[in-house]
Amino acid sequence: PRRRPDVVTMNNSHSSHYTEFVDPAIPHVLRGWDPKGGIARHHLKLKDLRVYNLPTNIFDFGAGARNGNSVFVFEAGGLCLAHLGHLHHYLSEEEIQRLGRIDVLFAPVDGTSTMSHDELFHVIGQIKPKLVLPMHLTFGGPHVFAGRAREHYPVKFHGSNTIELSHAMVPRETEVLFLLEQP
């Protein structure tokens, strides 16, 4: 990138989803898990940005949080964005309250390696974002997700992998927006 970020987040402790080789000049590296074995807790205020996390489980075999994941929430410019990471379960009422109002939700739509589409639609219904930006566009999941999403929400295609958003641009009711061409 042309500019070095002030904050880097890594949701998931799986080796395919993070790096230990972060530029040492980046002042804030927030991992969605505690490398020492605890539960990650982040609440960072930096200029006009607030970043916090909601720790979640990836695999829960009755042993509490293992192989940790966090939903990271970013508040800036009047918008509140959340990145689900590798969420693998429904959220409790307490977790929904901790997330707060979410305008834009980055949601994994592969339908297999994170959660099924039915589970994802349930979580979207719990969070009630105004805009869902699909991610994990693999395994044929986006095609199926786009078709199923039309049963619940308007689905649009931006045609570019970048977008500028403002609070005024966020729809009143939940929409799904693919940043690339129609899958």
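The values are calculated or read from the model by the stated rules, or taken from the named source; none is laboratory data. Treat the numbers as computed from the prediction; the structure is a model and nothing was measured. As a convention, Cβ positions derive from the backbone with ideal geometry for all residues, glycine included, and neighbour counts pool all protein chains shown. Protein only, heavy atoms only, side chains kept; ligands, DNA and RNA dropped before computing areas. Shrake-Rupley method; radii C 1.70, N 1.55, O 1.52, S 1.80 Å.
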In segment 59-78, what residues are at pLDDT 85 or above, surrounded by fewer than 19 Cβ atoms within 10 Å (Cβ to Cβ) and of a type in the set (A, V, I, L, M)? A76
The listed residue being surrounded by 14 or more Cβ atoms within 10 Å (Cβ to Cβ), at pLDDT 90 or above, in contact with a Ser or Thr (Cβ under 8 Å, 6 or more places away or on another chain) and over 21 Å from S16 (Cα atoms), out of H83, H42: H42
Tell me yes or no: at least one residue of segment 80-99 is in a loop (DSSP other than H, G, I, E, B), of a type in the set (A, V, I, L, M) and farther than 30 Å from L46 by Cβ. no
Would you be able to say whether some residue in segment 49-58 is open to solvent by 50 Å² or more (accessible area, probe 1.4 Å), within 29 Å of V170 (Cα to Cα) and either assigned to a loop (DSSP other than H, G, I, E, B) or modelled with pLDDT of 90 or more (or both)? yes
Looking only at residues in segment 107-130 that are open to solvent by 10 Å² or more (accessible area, probe 1.4 Å) and either in a strand (DSSP E or B) or small (G, A, S) (or both), which one is modelled with the highest pLDDT? G125
Of everything in segment 141-172 that's within 18 Å of T112 (Cβ to Cβ) and in contact (Cβ under 8 Å) with a residue 12 or more places away in the chain, which residue is most open to solvent (accessible area, probe 1.4 Å)? H143
